[in-house]
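Below: the structure, in structure tokens.
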Amino acid sequence: MPSLTPKTIDGHTYYYARYCQRVGGKPKIVRQVYLGKLEDLIAATQTARQLPQPRETEIAAFADVTALFDIAQSLDLVPLLDSLLPPQRKQGLSVGQYLLLAAINRVVAPTSKLRFAEWYRQTALTRLLPAPPALLSSQNFWNHMNRVTAEHIAAFEKKMSQRLIERLHLDLRALVYDGTNFFTYINTRTPAELPQRGHNKQKRSDLRQVSLGLLVSTDFHVPLLHWVYAGNVADSVEFRSVTEELTSHYRELTQTCQHITLIFDKGNNSEDSFETLANSPFHFVGSLVPSQHKDLLAVPGRRFQALSNLRLEGVEVFRTEKKVFGRTHTVLVTFNPNLFDGQLQGLTANLRKARGKLHSLQQQLRRWRKGKLKGKRPTLEGVQNQVGSICSAQHLKSILKTEVRKVRRGLELTFWTEQAALDRLCRVQLGKTILFTDNADWTDEEIVLAYRSQYHIEDAFKQMKDPHFLRWSPVHHWTDQKIRVHAFYCVLALLLSSVLEREVWQKGEELSLPRLLEELGRIRETLVIYPRQRGQHLARTDTCLTRMNPLQQRLFSLLELQRYAPGKR
């Protein structure tokens, strides 16, 4: 142990730290350190107690990326990808690691591959998946992804579906299928088959689009399979090939559930699809186009019965059987007052908007007749086309009557609302949905609730079109192969986020996915960098997490993210 020893020299007292040891049985000073005068010791003590002024700080995303990384770890996502995809290059990240990073990026901060490395450097992933920034360039990413084929992706999904069923015990009694499309900015002359013009669900029919079909569980819309197809192919046409592929997967899906019901919307209906579905082992619940079954719409309200399930309060049904697509099925006509109110509100808004546009067109034609407008005079065909476009919203043509006729000095437009037609529409059709199924032994409540589970896939598509999280668009690629890979890591992003949301709910926090990602995104990692002191080769640094509110603390705890906290690895 050292001892503090004063020494007086020329009237001044100096202090030394002396280290003594026994040498040959006698005490001997083996080391002596000069400490300075008393005031030097006091100043050194005060300085040691003062924290140095930080030079700068760095903030990195932590909780959101580590939570998703942890889900991938629990599913052994990267090893499975690497076992099925082309071998990795001799050095750097594997193909599976590239795809995992791309999927996490799509969930939390969708960006182009040109900005991919910049995003990566600002996350805790630099500790979890270390990689030189050069390896995350757009060129390096696509050098690896160019070898990924549709066959590789299909093989992965088959294996991953089995793994999800085994490890998560997903409820497979009902699976939901639907398709959507995403517009792109791909040039018309670009030689690609997937992007095509068609009816775009985001009202951008002027652009080429790519379609995506998804099969998800009703257990937190976990994606099991996906299909990418040309934007000009109707959903009902694609659904036939989907049912054929589903049939080939049936044996794997039924390992934990022998009765699987496929749920889909009326947009997928076609004779060919149901021929394939009828010969498959799946059961189904679907819907029919109401206007094609006027006999069912005409059933009077007194023949409907109210459902007793509290989740279906106010819903009334009429049950019967009818031959549909060549086979007799159980048919349920449902009336939902909430749906009625919503449809009537939408119809009223469309009617008001259309009448306003017709009134403006009427005034314009009147000014033409009075000679107040110059230029090319409107033609009868042109005005009729304008009127048709104005009245194109659902049901308007049967309610809003118009007439365009030639008069002495030009054209005249008259229009009126057919009140009797509106009353009949409200009485017969609004608020009604026609369901059909081959589950003849199911109760009315079971059929309605099964069909309502479509909201799971609607939520999935809504999230993939969210401007903040899980965003599909914009597609920065223009070849079919790259578009398929883009779709693949977008679906991987949905997989990771759905499983994360499911885990959080099972542990007692019932949060929507956007709220969950928002709260996790606010838990960040801070690196504090201090000025380099004399004798230090590197600047001193400290790391910590940002202050958390009570909800964030609960999420941090239940997801056990302390395992990934700085210095806890």
So which trypsin sites (Lys or Arg not before Pro) in the stretch 52-132 end up in coil per DSSP with only 15 or fewer other C-beta atoms within 10 Å?
Arg55, Arg89, Lys90
Where the chain is the region considered: accessible area per residue in Å², 1.4 Å probe
53 Å²
With a/c under 1.5 counting as rounded, go ahead and sort the stretch 1-122 into rounded, prolate or oblate using the C-alpha gyration tensor (a ≥ b ≥ c being the square roots of the eigenvalues; past the cut-off, prolate if a/b is larger than b/c, else oblate).
prolate
For Lys28, counting only lysines whose alpha-carbon sits under 27 Å away and dropping same-chain residues fewer than eight positions off, the answer is Lys7, Lys37
What does the extension gain come out to for Thr247 and Gln139, with contour length at 0.36 nm per residue minus their alpha carbon separation?
35.0 nm
Counting only protein heavy atoms and a 1.4 Å probe, tell me what percentage of the stretch 442-505's accessible area is made up of carbon and sulfur.
59 percent
When ranked by the protection proxy of mean other Cβ atoms within 10 Å per residue, highest first, what sequence do the peptides 205-211, 19-25, 424-430 form?
205-211, 424-430, 19-25
Measure of exposure for Tyr14: accessible area at 1.4 Å probe, Å² rounded to 10, is 40 Å²
Read phi for every residue in the stretch 73-87 and hand back ³J(HN,Hα) as whole Hz from Karplus 6.51 cos²θ - 1.76 cosθ + 1.60, θ = phi - 60°, with x for Gly and Pro.
5, 5, 8, 6, 5, 5, x, 5, 4, 5, 6, 10, 8, x, x
Give the shape of the stretch 101-218 as rounded, prolate or oblate, defined through the alpha-carbon gyration tensor: a ≥ b ≥ c are the square roots of its eigenvalues, a/c under 1.5 means rounded, and otherwise the shape is prolate if a/b is larger than b/c and oblate if not.
oblate
Could I get the Rg over Rh figure for the stretch 316-437? Both from C-alpha atoms, Rh via Kirkwood, rounded to two places.
1.18
In the chain, if the dipole is taken from +1 on Lys/Arg beta carbons and -1 on Asp/Glu beta carbons about the Cα centre, which of Ile186, Tyr489, Tyr451 is farthest to the positive end?
Ile186
Between Asp341 and Trp505, with labels modelled 7 Å along Cα→Cβ, what's the label distance in nm to one decimal, could you check?
2.5 nm
Nearest-0.05 FRET efficiency for Tyr185 and Asp542 at R0 = 30 Å, using Cβ-Cβ distance, is 0.10
Please work out the FRET efficiency for the pair Val289 and Leu128, using the Cβ-Cβ distance as r and a Förster radius of 51 Å; give the result to the nearest 0.05.
0.50
Projected onto their principal axes, the Cα atoms of the chain stretch, largest extent first, over whole-Å spans of 125, 70, 51
Per its Cα gyration tensor (rounded if a/c is under 1.5, else prolate when a/b beats b/c, else oblate), the stretch 474-567 is best filed as oblate
Before rounding to the nearest 500, sum -39500 (n - 2.57) across all DSSP H runs of length at least 4 in the chain and divide by the residue total; then give [θ] at 222 nm in deg cm²/dmol.
-13000 deg cm²/dmol
Which FRET efficiency, nearest 0.05, do Thr8 and Arg532 yield, Cβ-Cβ r, R0 41 Å?
0.65
What distance in nm separates the two pseudo spin-label positions at His199 and Gln73, each 7 Å out from Cα along the beta-carbon direction?
4.8 nm
Counting Lys and Arg as +1 and Asp and Glu as -1, each charge on the Cβ, what is the dipole of the stretch 270-398 about the Cα centre in debye, to the nearest 20?
1520 debye
Distance in nm between pseudo-label sites at Asp272 and Ser389 (7 Å out along the Cβ direction from Cα):
3.3 nm
What do you get for Rg/Rh over the stretch 395-484 if you use C-alpha atoms and the Kirkwood form of Rh?
1.23
Give the relative contact order (percent, whole number) for the stretch 210-339; include only Cα pairs under 8 Å separated by 6+ residues.
15 percent
Taking all pairs of distinct alpha-carbon atoms in the stretch 227-343, Kirkwood radius in angstrom:
16.5 Å
Could you give the size of the charge dipole of the chain about its Cα centre, using +1 on the Cβ of each K and R and -1 on the Cβ of each D and E, expressed in debye and rounded to the nearest 20?
2980 debye
Using only Cα atoms, locate the centre of the stretch 392-470 and the centre of the stretch 88-134, then give the distance between them in Å, rounded to an integer.
44 Å
Compute the helix-to-body angle for 419-428: its Cα long axis versus the longest principal axis of the chain, expressed 0 to 90° and rounded to tens.
60 degrees
C-alpha center-to-center spacing [the stretch 209-227, the stretch 366-385] in angstrom:
50 Å
Under 5 Å, built H, 5+ apart or other chain: amide partners of Ala174:
Thr218, Thr261
Lysine pairs, Cα distance under 27 Å, 8 or more residues apart or cross-chain: how many in the stretch 432-569?
5
Given Lys357/Lys401; Lys353/Lys397; Lys353/Lys406, which pairs have Cα atoms separated by over 19 Å?
Lys353/Lys406
Paramagnetic reach from Thr443 (point 7 Å along Cα→Cβ, amide N under 16 Å) across the stretch 294-331
305-319
Heavy atoms only, probe 1.4 Å: what % of the accessible area of the stretch 274-391 goes to carbon and sulfur, would you let me know?
47 percent
Counting residues in the stretch 450-525 as N, plug N into 2.2 N^0.38 Å and put the Cα Rg over that result.
1.26
What net charge do the residues around Leu545 carry, taking every other residue with its C-beta under 10 Å from that of Leu545, with Lys and Arg at +1 and Asp and Glu at -1?
+1
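The values are calculated or read from the model by the stated rules, or taken from the named source; none is laboratory data. Note that the structure is a prediction, hence the values are computed from the model and not measured. Don't worry about glycine lacking a Cβ; one is built from the backbone with ideal geometry, like all the others, and counts go over all protein chains shown. Please note that ligands, DNA and RNA were not included when accessible areas were found on the heavy atoms of the full protein model with its side chains. Shrake-Rupley method; radii C 1.70, N 1.55, O 1.52, S 1.80 Å.
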